[in-house]
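Only the coordinates and a few stated rules stand behind these numbers; no lab work does. As the structure is a computational prediction, the values presented were derived from the model and not from experiment. Glycine gets a Cβ as well: all are built from the backbone with ideal geometry, and neighbour counts include every protein chain shown.
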Amino acid sequence: PAGYFIDFGPPRHRKATPAQVREILMKDRPALDLVRRAAAMPQCRFPINYEAGAAALFPHLPRLREIARVLSARSLIAAMDGRSSDSLADVGTIVDMSRQIAKEPVVISQLVQYGCLAIAAGALQRSLELVPPDAGAAMTLYRKLSAYAVSAPLPRAPECARCFRLSPFRTIHTPPPRSTL
């Protein structure tokens, strides 16, 4: 329907107006500002127990994709309001989040990284369609993107996946401890 913020996806998502999205984003502003600070840290890490092998959990990955979507919405609202600098800063935050995920040497993390970058690309395109880019914010985003090595951790990911597949076999082939009875 015309006039709605979102007109794709499941019907329950089709009824959000820009005013409703603004209201939600205002409530989430402190959390999103915290995300921006964390994503900009040079060594932001997520607690993953790699020693668990194939049983390792990555609960942060779907959350990061959802945060990227929320930042994309905030970027769009900022662009709709003519605030190019804020819009591009949110795109930059998504890029920073992706850079943090890229440090994880597993294939699923690399796929989520690429998903977040796709969200950032869509947000950037919409921003540039709606408002002329602020020169300073555009330069900041350009520097982030030019320093980003998207495929750098990719060669390590299959190696890590092979290790994960081997860990159950190691458990099976390891003899049980001897009883001292």
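Just a few scattered comments:
- Each peptide in 70-76, 110-116, 19-25, 42-48 was scored by the mean count of other Cβ atoms within 10 Å over its residues; highest first, the order is 70-76, 110-116, 19-25, 42-48.
- In this label model, residue 37 and residue 56 are separated by 2.9 nm, measuring between points 7 Å along each Cα→Cβ vector.
- Fully extended contour minus Cα-Cα distance, from residue 29 to residue 145, at 0.36 nm per residue: 39.3 nm
- Separation between Cα centres of the stretch 97-132 and the stretch 69-86, rounded to whole Å: 15 Å
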